[in-house]
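Have a look at the structure below before the remarks.
The values are calculated or read from the model by the stated rules, or taken from the named source; none is laboratory data. What you see is a predicted model; the values in this text were computed from it and never measured. Note that we place each Cβ from the backbone using ideal geometry, even for glycine, and neighbour counts take in every protein chain shown.
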2 protein chains.
Amino acid sequence: MPVSIDDVWSAHKKIAPFIHQTPVLVSQQLDDIAGCWLFFKCENLQKAGAFKSRGVVNAVLSLSRENAKNGVATHSSGNHGAALARAAQLRGINAYIVIPSNTKHVKRAAILAYGASVIECEPTLAARERMLEKIVVETGARFVRPYDDDHVIAGQGTAAVELLTQVNELDSLLVPVGEGGLLAGSAIVASPKIKVYAAEPEIVDDAHRSFTTGELVTSHTPETVCDGLQTSVGIRNFSIMRDLVTDALLVSEQEIIDAMHRLWARLKQVVNPSSAVILAAVIRNQKVFAGQKAGLILTGGNVDPNDLPFTSEKNLT
Amino acid sequence: MPVSIDDVWSAHKKIAPFIHQTPVLVSQQLDDIAGCWLFFKCENLQKAGAFKSRGVVNAVLSLSRENAKNGVATHSSGNHGAALARAAQLRGINAYIVIPSNTKHVKRAAILAYGASVIECEPTLAARERMLEKIVVETGARFVRPYDDDHVIAGQGTAAVELLTQVNELDSLLVPVGEGGLLAGSAIVASPKIKVYAAEPEIVDDAHRSFTTGELVTSHTPETVCDGLQTSVGIRNFSIMRDLVTDALLVSEQEIIDAMHRLWARLKQVVNPSSAVILAAVIRNQKVFAGQKAGLILTGGNVDPNDLPFTSEKNLT
């Protein structure tokens, strides 16, 4: 195992002063719908609005002085970029964030607000990687990956560490799987005492197929409403997933949207669609979770209030 | 004083098993904007979505067996009706909720979900009161007021009791004022050690005028975006307010909408406009609160996601 539970606890100690210990929320009405006891770990209320602050803060604080001195860099249009900008500001070093030219104003503003340098490029993965390489060569900044990095995995696992101190005797833990860093970190902490389940959209089923076949398959499916889960599982993350995760569950786009709506209406949390995947998975698989105490990590809350995928007057229980 | 701090502590002990101890959230970015330290008590995450659950649960649990046996009744189009329905369900008695015929589907559904009988009437205050009287006569149910009731005031004060155990050494406490029950209960708990401020919309300035002149004036102004603050301060509540509150602050409709947007964007909490009034008041009165630790009670989160008064792309700090 490239990352141990001790690594996660070290990360927990290191990053605790710089992140929120996020609250755990419950809802009787959602429990009734799901037929089990649900404990929502609200990483949507994390610094910079997503769990990614955890891994990135751990990665930046773990850099040697020599490696940190020229700053850090990455390419990102979303939470990773903002989280890295914030982590660099905490350490007092430069951050260079490459963003696609079609990045929304609010996301760009969030990165700039943390004092980072923003560099625009064409909105393709190739252009992003080329531009990042150029920046790294020119500035000597250190590339901080959003995932598939041991310090990042250990940092993401700290959400589960907190949850396990906040709620006793969970039976299961559900985590959305995109690149798999949060899933890997959570599984290291919770497994085998607590069964860990991944969940993802049916139309981006690479984690499910990889898990089922034992061979890592990749996919990139921009059609899902879950913009955080379009990507494939990383190599390190997959090896941890294969060893420690109980199952990888699939849900439809409509189930995700309904779950997001329920989280708004019942839990009063506006989460991104990626977070809603795990509630959708519990509701779809009622027999699996019946009567259990299930932890669910809500991964992020950076959504546009005027671009929600549901309407309010839908007659939803 | 009709309600003492001991009454509030008794209510706290009585209702604690039946309500959420709501979390306190903070945001560095909002602190920077406001120039002070803000601690948000999230009653938007309370049972039934608003602080009103506190007072109503205390009122219903405080009824004698004789007075409770025929159930409880009220007229309400909103949070009070849902909270009373839930409190009656907890005690195993009937609830009769008179609602105006133009009540939105989601609010009606919330009341019905708690097992209450819903009775429709014409959407005027006179029709609501007439219908309620008829129901009370026919069923023998006990009318539970939404405010200006000692048990309700004591129950609302429990939010401040929790906040003071969650955050040490607050300098000030801000509370929206509509009917004034939450304000009165909070002031009983916090004053005089902590300065208590009321806040309301400029266009419904009855609390401000009453406080300034020392004479209770009434107004009903449906034009404000704050549907929870259209009403006037109750008589009991005003007498407590006059004795214990430091000042009554006013804010404009646009300031309220901007504050609601900031609470979404920075704190990730979708609150009703009434809750946003207090953040608007802190931002408008920076000199008053500079460098202080200020508690703010977010009163409710029952808003329609498709009917928000702000747009997302507005360039707001």
Next item on the list: Scan segment B:244-273 residue by residue and report those that are within 25 Å of B:S191 (Cβ to Cβ) and modelled with pLDDT under 95.
Entry: B:V271
Next item on the list: Kindly check whether there is at least one residue in segment B:10-19 that is in contact (Cβ under 8 Å) with a residue 12 or more places away in the chain, within 14 Å of another protein chain (Cβ to nearest Cβ) and within 20 Å of the chain's Cα centre (by Cα).
Entry: yes
Notebook entry, point to check: Checking A:S274 against (1) touching a Cys at 6+ places or on another chain (Cβ under 6 Å); (2) over 19 Å from A:T299 (Cβ atoms); (3) of a type in the set (S, T, Y), which single condition isn't satisfied?
Noted result: (2)
Next item on the list: Give me a count of the residues in segment B:158-172 that are within 15 Å of B:T22 (Cβ to Cβ) and not in a loop (DSSP other than H, G, I, E, B).
Entry: 9
Checklist line | Count - residues of segment A:27-37 that are surrounded by 15 or more Cβ atoms within 10 Å (Cβ to Cβ) and within 14 Å of chain B (Cβ to nearest Cβ) | finding: 5
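Would you mention how many residues in segment B:82-99 are in contact with a Phe, Trp or Tyr (Cβ under 7 Å, 6 or more places away or on another chain), more than 17 Å from B:L132 (Cα to Cα) and either polar (S, T, N, Q) or surrounded by 24 or more Cβ atoms within 10 Å (Cβ to Cβ) (or both)? Walk me through how you get there before you give the answer.
Start the filter on segment B:82-99 by keeping residues that are in contact with a Phe, Trp or Tyr (Cβ under 7 Å, 6 or more places away or on another chain), which leaves B:82, B:85-86, B:89-90.
Subsequent filtering for residues that are more than 17 Å from B:L132 (Cα to Cα) retains B:86, B:89-90.
The next check asks that each one be either polar (S, T, N, Q) or surrounded by 24 or more Cβ atoms within 10 Å (Cβ to Cβ) (or both); those that pass are B:86, B:89.
So the count comes out to 2.
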Item checked: Given (1) under 17 Å from B:P305 (Cβ atoms); (2) surrounded by fewer than 21 Cβ atoms within 10 Å (Cβ to Cβ), number of the condition A:P222 does not satisfy -> (1)
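Give me a count of the residues in segment B:14-41 that are in contact with a helix residue (DSSP H, G or I) (Cβ under 9 Å, 6 or more places away or on another chain) and either among the aliphatic types (A, V, I, L, M) or not in a loop (DSSP other than H, G, I, E, B) (or both). Break it down stepwise before answering.
At the first step, the residues of segment B:14-41 found to be in contact with a helix residue (DSSP H, G or I) (Cβ under 9 Å, 6 or more places away or on another chain) are B:14-16, B:18-30, B:33-41.
Among the residues that remain, those that are also either among the aliphatic types (A, V, I, L, M) or not in a loop (DSSP other than H, G, I, E, B) (or both) are: B:14-16, B:18-19, B:24-26, B:28-30, B:33-34, B:37-41.
Of the residues in segment B:14-41, 18 are in contact with a helix residue (DSSP H, G or I) (Cβ under 9 Å, 6 or more places away or on another chain) and either among the aliphatic types (A, V, I, L, M) or not in a loop (DSSP other than H, G, I, E, B) (or both).
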Margin query: Show me the helices (runs of 4 or more DSSP H) found entirely inside segment A:230-317 where at least 3 residues are hydrophobic (A, V, I, L, M, F, W, C), buried (at least 21 other Cβ atoms within 10 Å of the Cβ) and within 14 Å of chain B (Cβ to nearest Cβ).
Written below: A:253-267
Next item on the list: Give me the pairs, please: first residue somewhere in segment B:104-121 and part of a helix (DSSP H, G or I), second residue anywhere and among the charged types (D, E, K, R) and surrounded by fewer than 18 Cβ atoms within 10 Å (Cβ to Cβ), beta-carbon distance under 9 Å, and either six or more positions apart or on two chains.
Entry: B:H105/A:E313; B:V106/A:E313; B:V106/B:D304; B:R108/B:E120
Check: Taking the condition touching a residue at least 12 places away in the same chain (Cβ under 8 Å), more than 14 Å from every other protein chain (Cβ to nearest Cβ), part of a helix (DSSP H, G or I) and over 27 Å from A:Q29 (Cβ atoms), does A:S210 pass?
Finding: yes
Next item on the list: May I ask you to list the residues in segment B:41-81 that are more than 14 Å from chain A (Cβ to nearest Cβ), in contact with a Gly (Cβ under 7 Å, 6 or more places away or on another chain) and small (G, A, S)?
Entry: B:G55, B:A59
Check: Which is in a helix (DSSP H, G or I) and in contact (Cβ under 8 Å) with a residue 40 or more places away in the chain, of A:A126, A:A198, A:A154?
Finding: A:A154
Notebook entry, point to check: Considering segment A:134-164 alone, what residues qualify as being modelled with pLDDT of 95 or more and among the hydroxyl-bearing types (S, T, Y)?
Noted result: A:T139, A:T158
Next item on the list: Would you check if there is a residue in segment A:90-99 being closer than 25 Å to A:V177 by Cα and within 14 Å of chain B (Cβ to nearest Cβ)?
Entry: no
Next item on the list: Working only within segment A:42-55, note down all residues that are in contact with a helix residue (DSSP H, G or I) (Cβ under 7 Å, 6 or more places away or on another chain) and in a strand (DSSP E or B).
Entry: A:A50
Note to self: If I ask for residues that are of a type in the set (A, V, I, L, M, F, W, C), closer than 30 Å to B:I19 by Cα and buried (at least 17 other Cβ atoms within 10 Å of the Cβ), which ones from segment A:2-23 would you list?
What the structure shows: A:I19
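Could you list, in sequence order, all residues of segment B:64-94 that are part of a helix (DSSP H, G or I) and touching a Pro at 6+ places or on another chain (Cβ under 7 Å)? Explain how you work it out, then say what you get.
Going residue by residue through segment B:64-94, those that are part of a helix (DSSP H, G or I) are B:65-68, B:79-91.
Once the filter is applied, which keeps residues that are part of a helix (DSSP H, G or I) and touching a Pro at 6+ places or on another chain (Cβ under 7 Å), segment B:64-94 yields only B:H80.
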